[in-house]
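In what follows, a single structure is set out as structure tokens and then discussed.
Throughout, read-outs are computed from the coordinates displayed, never taken from laboratory work. Predicted model, so just to flag it, every value in this text is computed and none were measured. Here the Cβ positions follow ideal geometry from the backbone for every residue, glycine too, while neighbour counts run over all protein chains shown.
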Amino acid sequence: MSCEIMAGMKLSDEQVQVLEQSFKVHRYPDETSLMLVAAECGLTEEETIKWFKLRNAQWRQAEGLLADQGKVFD
């Protein structure tokens, strides 16, 4: 089992897979979705929120957008 380290968080491949699948559906998940993803991954809601914030910043940077701006609607 390998791990991905993102801002000090060590995540298993399975956790990353669940988080990435959720990210593809909702880049900005609501509170209920966050709670469900956190439970499925065995993370706290705070860790899950942190992961989504960092992942959104990465996505925005890859799209050539500023990492700290608000939502972009497709």
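Summary of values
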{"quantity": "Other-chain or far-sequence residues with amide H under 5 Å of Leu11's (modelled H)", "calculated": "Glu4, Ile5, Met6"}
{"quantity": "Cα-projected label distance for Lys24 with Ser12, points at 7 Å along beta-carbon direction, nm", "calculated": "2.1 nm"}
